[in-house]
1. For the stretch B:89-103, name all the residues that are within 7 Å of another protein chain (Cβ to nearest Cβ) and not polar (S, T, N, Q).
2. I'd like the full set of residues that are in contact (Cβ under 8 Å) with a residue 60 or more places away in the chain, facing another protein chain (nearest Cβ under 7 Å) and closer than 23 Å to A:Thr99 by Cβ, limited to the stretch B:17-35.
3. Which one of these is exposed (fewer than 15 other Cβ atoms within 10 Å of the Cβ), more than 14 Å from DNA strand D (Cβ to nearest atom) and among the charged types (D, E, K, R): A:Lys102, A:Lys67?
4. Could you look through the stretch A:2-16, keep only residues that are over 18 Å from A:Leu80 (Cβ atoms) and hydrophobic (A, V, I, L, M, F, W, C), and pick out the one that is surrounded by the fewest Cβ atoms within 10 Å (Cβ to Cβ)?
5. Is at least one residue of the stretch A:36-55 open to solvent by 10 Å² or more (accessible area, probe 1.4 Å), free of Cβ contacts under 8 Å to residues at least 12 places away in the same chain and at the interface with chain B (Cβ under 7 Å from one of its Cβ atoms)?
2 protein chains.
Amino acid sequence: MQDKTCHGVEVAIEALVGKWKPIILFHLMEKGTLRFNELKRAIPKITQKMLTSQLRELEHHQIVNRKVYPQVPPKVEYSLTEYGKEIIPLLQSMQEWGTTHKKYMVEHNIDIAEG
Amino acid sequence: MQDKTCHGVEVAIEALVGKWKPIILFHLMEKGTLRFNELKRAIPKITQKMLTSQLRELEHHQIVNRKVYPQVPPKVEYSLTEYGKEIIPLLQSMQEWGTTHKKYMVEHNIDIAEG
DNA sequence: CCCAATAGTATCCTTTATGATACTATAACA
DNA sequence: TGTTATAGTATCATAAAGGATACTATTGGG
């Protein structure tokens, strides 16, 4: 077995990891399109720097689309690309397993943060 | 929408993240049971410290089972728990999406490492 | 002229994650 | 007695991720 039998998993994690990416994706999944500041308001604890960088990374992967309106003050809208929407079922599977796992850990009285 | 609509996703990522966890899990999926040093030899670039810590975390989540034989020199076997095996379909979905995504990025001539 | 609003950058700092290296215990064996 | 094997720990160093804060451009409105 090569070390990279699981390379796809690492690619997937790479694309989704980052403290804020899943949150951003779920907001875009729910609302369709959001302006930069709408996202910022929806995720109060994120800093501008992190919001920008996470969006840039998602854009780089062509999961998120960035549309700039040439006006002042600026208007920039973010949404999932068609290609990005293909990730939704995976996010839902992760969501499902994670929710179950959280419950499992609580029921077994294990601190999920420790491990 | 609460910030935590996607909490499950974060739990899932938490459980799978770590530079070596997917690799370890795939080896255990394939071989069933492996001793510490067998894993180490199968993943040449991992340090002992990282192998230990990643296994400890997987064990903490009850995804991996650790069986110690009281003998000298020590013998410790690692395997997926029954509960841990439930994560296999998720790993496979991630693997599938990730593989497709990798291909997509290559075809579109995008450097996957940059973003 | 001054202020607000938007979508950012730039800089510096702290926290986590990962890595390199050396070290441990114990029994069998030469 | 010294050597090997196993499954680790301990310590220190570096790299990567995240956070705090201040700053920018532009234009409409008071």
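The values are calculated or read from the model by the stated rules, or taken from the named source; none is laboratory data. Just so you know, these numbers come straight off a predicted model, no measurement behind them. Cβ: placed from backbone, ideal geometry, glycine included. Neighbour counts: every protein chain shown. Surface areas here come from the heavy atoms of the whole protein model, side chains and all, with no ligands, DNA or RNA. Shrake-Rupley method; radii C 1.70, N 1.55, O 1.52, S 1.80 Å.
1. Residues satisfying the conditions are B:Leu90, B:Leu91, B:Met94, B:Glu96, B:Trp97, B:Gly98, B:His101, B:Lys102.
2. B:Pro22
3. When all the criteria are applied, what remains is A:Lys67.
4. Top of the filtered list is A:Ile13.
5. So far as the stretch A:36-55 goes, no, none of its residues is open to solvent by 10 Å² or more (accessible area, probe 1.4 Å), free of Cβ contacts under 8 Å to residues at least 12 places away in the same chain and at the interface with chain B (Cβ under 7 Å from one of its Cβ atoms).
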